[in-house]
Structures are given as C-alpha cells and as structure tokens.
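Visitor: Quick one: the structure is below, questions incoming.
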Amino acid sequence: DRAAESFVALLAKGDFAKATSTFDAAMLKALPEDKLKTTWETVQQQAGAFQKQVGSRRETGGKYEIVFVTCEFAKSKLDAKVVFDQDGKIGGLFFSPVSKPKPTGTEEVWEGLLKVGDTDLRLIFHLFKQKDGTFAATMDSPDQGAMGTVLDEASVKDDAVRLELKSA
C-alpha cells in the first residue's frame, strides 16, 4: 500500500516526472507526464483541491495487485485505484467515487471488445438481478487490471441494457 500512497503523494506535490517513473511501458505510453498532469488537474477541477489521504486497501485481481487510496478533496472523497503489475510497476490508474460494496444476486455475464485507437480492450460486465427486480453491475477490464468496478447505474428494459460509470 505504501507504493500507491507514495504515488498519490507525488501527484499532490505536482511531481509528475517522478510519478511516471513508476509506470510500466504501456502506462507510460498511454499516460505520459503531461497527460498525467492534465488528468490530476481535471480531477481537482471536479472534486476540489486535494486535502489529504484518508486510508487505503488492497485487492488482488488476477495477476495484478490493486490498491485503493481514498483521498479527501475539497468537494468530495475519491478512490485513486492504482494497479500494479507483477514487477511492482503501475499499469493502471483510475479515479472514482469511494467504492461501493460489490453487488450480489443472480448473475449474468457479458463479454466484449472496446476498440480504443489501435488497441482492443476486453470488457466484462457482470449484471446482478436484485431481489426487488432492479439490477446492479460491475465491470472488469482485464487488459488494464481493473476488476470488479462497481457501476453507478444498471438497468434492463425489454431488450436494452443501460450501464453507467460516471467516473469514466
């Protein structure tokens, strides 16, 4: 957890060059220093000025270690989801509202590809039918090491499925 907390501390100090030195090759290509700076500035425009880290927790997702660093900003709290590969390099970074509990219930799974430029990203959606008839959902992006991301909205009407992740 310390590596993720140190990484977030570098973002807070504005030391984006040192922060990107912990990235794996694919992450460095996708989010070089200037884009990391822009991403951090955008997060602060939406959530307010960074205040402090208030905790962290670790999960394992396949071959990845995922650390959620809960950060307090002026307007809200966000989780910085920092994904580490087997070599301890950062292979994924996501900012999202503080994680909600994972849904339970009858599960259905949908898998597909999302084309991003020249890259195909595998996406897996898990739909859970709740006892009251509503739906909840999680999303996995195995190519980015993101597993079990709880979606904000999930609904099924006739033959249409609507899924929403506000932080994406």
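The values are calculated or read from the model by the stated rules, or taken from the named source; none is laboratory data. In this text the structure is predicted, and so the values were computed from the model without any measurement. Cβ coordinates were reconstructed from backbone atoms using ideal geometry, including for glycine residues, and neighbour counts include every protein chain displayed. Only protein heavy atoms, including side chains, enter the accessible area calculation; ligands, DNA and RNA are left aside. Shrake-Rupley method; radii C 1.70, N 1.55, O 1.52, S 1.80 Å.
Visitor: Could you look at the chain and say what percent of its accessible area is carbon and sulfur, using a 1.4 Å probe and all protein chains? Walk me through the numbers before you get to the answer.
Guide: Details: 4950 of 9910 Å².
Ligands and nucleic acids excluded, carbon and sulfur give 50 percent.
Visitor: Another question, if that's okay. How would Met147, Met27 rank on accessible area, largest to smallest, probe 1.4 Å?
Guide: Details: Met147 55, Met27 20 Å².
Descending accessible area places them as Met147, Met27.
Visitor: Under 17 Å from the Cα of Lys37, which lysines turn up, not counting those fewer than eight places away in the same chain?
Guide: Cross-link targets: Lys13, Lys18, Lys29, Lys81.
Visitor: Taking the Cα-to-Cβ direction at Gln46 and at Val156 and moving 7 Å from each Cα, how far apart do the two end points lie in nm?
Guide: Simple spin-label model gives 2.8 nm for this pair.
Visitor: While we're here: Towards the positive end of the charge dipole of the chain, with charges on Cβ (+1 Lys, Arg; -1 Asp, Glu), say which of Thr119, Thr134, Ser96 has the farthest Cα.
Guide: Ser96
Visitor: Lys13 versus Asp120, label points 7 Å from Cα toward the beta carbon: distance in nm?
Guide: Taking the simple label geometry, Lys13 and Asp120 are separated by 4.3 nm.
Visitor: With n ≥ 4 as the cut-off for DSSP H runs, can you work out [θ] at 222 nm for the chain, using -39500 (n - 2.57) per run divided by the number of residues, rounded to the nearest 500?
Guide: Numbers: 4 runs with 38 residues, N = 168.
Here the helix-only value at 222 nm equals -6500 deg cm²/dmol.
Visitor: Next question. Roughly what angle does helix 33-47 make with the longest principal axis of the chain, taking Cα atoms, 0 to 90 degrees, to the nearest 10?
Guide: The angle comes out at about 60 degrees.
Visitor: Applying the Karplus parametrisation 6.51 cos²θ - 1.76 cosθ + 1.60 with θ = phi - 60° to the phi angles of segment 131-140, what ³J(HN,Hα) value in whole Hz is obtained for each residue in order, glycine and proline being reported as x?
Guide: Result, rounded to whole Hz: 4, 8, x, 7, 10, 10, 8, 10, 10, 10.
Visitor: Still on this structure, I have one more. For the chain, set up a GNM with springs between Cα atoms under 10 Å and report which of Gly148, Gly92, Gly55 has the largest fluctuation.
Guide: Gly55
Visitor: Further, regarding this structure: Determine the shape class of segment 72-137: with a ≥ b ≥ c the square roots of the Cα gyration tensor eigenvalues, call it rounded for a/c under 1.5, and otherwise prolate if a/b is greater than b/c, oblate otherwise. Don't jump to the answer; show the numbers that get you there.
Guide: Details: a/c = 2.14, a/b = 1.20, b/c = 1.79.
Judged from the Cα gyration tensor, segment 72-137 comes out oblate (a/c at least 1.5, b/c at or above a/b).
Visitor: Taking only Cα atoms, what is the 0 to 90° angle, nearest 10, from helix 2-13's long axis to the longest principal axis of the chain?
Guide: So the inclination is approximately 70 degrees.
Visitor: Output the relative contact order of the chain, whole-number percent, from Cα pairs under 8 angstrom with separation of 6+ residues. Each step should come with its number before you reach the end.
Guide: Values: 316 pairs, mean separation 23.4, N = 168.
Contact order relative to length: 14 percent.
Visitor: Arrange the peptides 109-121, 127-139 so that the one whose residues have, on average, the most other Cβ atoms within 10 Å appears first. Before the final figure, lay out the partial values.
Guide: Values: 109-121: 10.0, 127-139: 15.9.
Per-residue Cβ counts within 10 Å, averaged per peptide and sorted highest first, yield 127-139, 109-121.
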